[in-house]
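First comes the structure, then the notes that go with it.
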Amino acid sequence: MKKNRKPNQKKLTAVFVFAVMIIAGALLLFEYNYCPVDVIIDPGHGGSDVGAEYNGRYEKDDNLDISLKVCEILKDNGIKAALTRKEDKFISLENRCRIANFRKAKAFVALHRNSADNARGVEIWISGNASDEESALANEIMNSLSQAGISLDRGVKKGYAQGDGDYYINKHTKMSSCLVELGFINNENDNELFDKNIDSYAEAIAGAVIKYLEKNNG
């Protein structure tokens, strides 16, 4: 008499995980549509992930406020633009990159606020092995912001501020990408400038993205 063979638990687990990944990917596509776009604007952090904090001010809120403005300006100028989040919602880094890659964006711009003691100004991060096009995107944005009332141009930097490697979004997106740190949230002057010039900052970022697209994706 043959004994009933028990199913291989590891295989069942692997199949289950694979199925969950497929379903998650399908839901993501359903939510964000597969329609290609020119640029993805990524408001850093969101939901339970507040980012940097200073005197009750949360980075996630500043990031979303300016991202909404940038996206609106881009659309008003005929650019197909989309956001990774439109509200105070947590989106994983994996899904931010997945959204951009699914939608075949030509550029990905993550907007953040910085935090460090005795520091001020704006800096932009790209991958350590950034292409010429990726460097061009970051430099366009930095040059444009430098004329929009920032406290200090800290330059375009490669790699990761806290060690080796790259920021996740720069490593895992398939298009030119950069992470823009729009001043230090624990610097009163940078906060004053951000609040006063938010519209100018948004115009500067959007204008730089438009110039980049015209030059590199014409």
Expected sort for 114-123, 37-46, 207-216 on mean C-beta neighbours within 10 Å, highest first, is 37-46, 207-216, 114-123
Packing-ranked peptide list from 67-74, 87-94, 102-109, 195-202, highest mean Cβ count within 10 angstrom first, is 102-109, 67-74, 195-202, 87-94
Stretched fully, the stretch from Lys80 through Leu152 gains (0.36 nm per residue minus C-alpha distance, one decimal, in nm) 22.8 nm
Rounded to a whole %, the carbon-and-sulfur portion of the accessible area of region 83-211 at a 1.4 Å probe is 41
Taking every other residue with Cβ under 12 Å from the Cβ of Ser177 and scoring Lys and Arg +1, Asp and Glu -1, one gets 0
Between the modelled labels at Val50 and Lys215 (7 Å from Cα along Cα→Cβ) the distance in nm is 3.9
Going residue by residue through region 187-203, the Karplus relation 6.51 cos²θ - 1.76 cosθ + 1.60 with θ = phi - 60° gives ³J(HN,Hα) values, rounded to whole Hz and with x marking Gly or Pro, of 10, 4, 5, 4, 5, 4, 5, 4, 5, 6, 10, 4, 5, 5, 4, 5, 4
Val37 neighbourhood, Cβ < 11 Å, K/R = +1, D/E = -1, net charge +4
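The values are calculated or read from the model by the stated rules, or taken from the named source; none is laboratory data. Note that the structure is a prediction, hence the values are computed from the model and not measured. Positions of Cβ are backbone-derived with ideal geometry, glycine not excepted, and every protein chain shown enters the neighbour counts. What goes into the accessible areas is simple: the full protein's heavy atoms, side chains included, and nothing from ligands, DNA or RNA. Shrake-Rupley method; radii C 1.70, N 1.55, O 1.52, S 1.80 Å.
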